[in-house]
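The values are calculated or read from the model by the stated rules, or taken from the named source; none is laboratory data. Treat the numbers as computed from the prediction; the structure is a model and nothing was measured. Positions of Cβ are backbone-derived with ideal geometry, glycine not excepted, and every protein chain shown enters the neighbour counts.
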């Protein structure tokens, strides 16, 4: 979008927040870059230039605006709606791969040379993988500076910087403030509650706001996660969805609560170096980088769907923090109720999950890895024999690397790999593509809830006919499924009634 100057200028002049994260406005006279919705008086059009990423702005010598804080805007929805090399690279960079494994590690995950990855990212984003990762490190550092009481030296290494000197220089260059000045400035903001952002008695807790594009309907998003929560791994407590996280350097517990203009996020990490990837996985879980306006506009073109969209716009697709975990849970959920699927999963967690400490709630374990499940005794599973075979084959394929599922997966290759396993029909493959891989066009025409909703709305009844009709919903059929499911009075469509979400 950044190449369409006229459209970008209109968005800036109208302060349209829908375009935050789509592009960034760099002001030639002040050498500052802003998000489109910046509250200051818009600059003259001849003084504006536009970039596709914050990293490109920083590389061109612009610093972040102190008013609109463009580095904290929602991510571009483009990277979650595509499965090409650039989109997969961006998802991996957001997941901290460059910080942990360098550019060679990124290229290896994608199956390309480092030179090819550099060239493709520069062509589309105006910055290479190192500059993109640097911009992300700067944002992680800012979060830690403003929301924790950690010493600056610890923040530098937790954010992924190789030295304190580099940390200081980058923060000054990007934000035009020293790290200490950033912390002082944050403490003066209205509503600030001290250096750790969490109040007394909560050491190690990091609290932050996860932005999103409005509208966002939390009912099916949090309702689905709460209704399918695996005891010990997930829970709904105090108006928030809470779960354990397995991270590269340690473990974590996160609490996510819906608010009118953001998601309140509360993280307890055993190693603060995991902050970047924890935030990335929480945003992915809640589909926070989606563009609900674009999705809903497309779905409203179908007169049978339009009333559902108008009634409760902004539905998101509930995803997962671990693709392998969700694949296992999808198999456990084949042809059984939600309650039965939770029971089966809880047994696996009790027998094979690693214990964790949760001082604030009732979470006790991590979901077991494929490696931990690869040696389980099929006879110990309270499942039909065919489903035992499906589960053991899946975990073996995941454990030995024959099947790889993650944010960097090529959606069609992953579908082919899953379909080759015994017991994987279209429903299981598509629900994994939808919720674990994030394909916005995944579709479930054979799902009972989808078919029941289709019949009630007057949509075609057979899977083949419904698929043909749904061609007009592409590339957002996964979101159409959320609207169809919402016609049923199932717990997945409602926030838990026993807890009132704070305003």
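Total residues in segment 138-154 satisfying the condition of being more than 13 Å from residue 99 (Cα to Cα), part of a helix (DSSP H, G or I) and either out of contact with any helix residue (DSSP H, G or I) (no Cβ under 8 Å at 6 or more places or on another chain) or touching a residue at least 60 places away in the same chain (Cβ under 8 Å) (or both): the figure is 6. Within segment 1-33, being touching a helix residue (DSSP H, G or I) at 6+ places or on another chain (Cβ under 6 Å) and assigned to a loop (DSSP other than H, G, I, E, B) holds for 28, 29. Looking across 122, 115, one residue alone is in a helix (DSSP H, G or I) and within 24 Å of residue 63 (Cα to Cα). It is 122. Looking at the structure I just gave you, is residue 84 surrounded by fewer than 19 Cβ atoms within 10 Å (Cβ to Cβ), more than 28 Å from residue 177 (Cβ to Cβ) and within 22 Å of the chain's Cα centre (by Cα)? For residue 84, the condition - surrounded by fewer than 19 Cβ atoms within 10 Å (Cβ to Cβ), more than 28 Å from residue 177 (Cβ to Cβ) and within 22 Å of the chain's Cα centre (by Cα) - is met.
Looking at this structure, is residue 393 free of Cβ contacts under 8 Å to residues at least 60 places away in the same chain and part of a loop (DSSP other than H, G, I, E, B)? No, not satisfied. Within segment 283-335, the set of residues being modelled with pLDDT under 95 and on the phi > 0 side of the Ramachandran plot comprises 335 only. Any residue at all in segment 285-294 that's part of a helix (DSSP H, G or I) and surrounded by fewer than 19 Cβ atoms within 10 Å (Cβ to Cβ)? Scanning segment 285-294, I find at least one residue that is part of a helix (DSSP H, G or I) and surrounded by fewer than 19 Cβ atoms within 10 Å (Cβ to Cβ), so the answer is yes.
In summary, residue 97 fulfils each of the numbered conditions (1) more than 27 Å from residue 269 (Cβ to Cβ); (2) surrounded by 22 or more Cβ atoms within 10 Å (Cβ to Cβ) with the single exception of condition (1).
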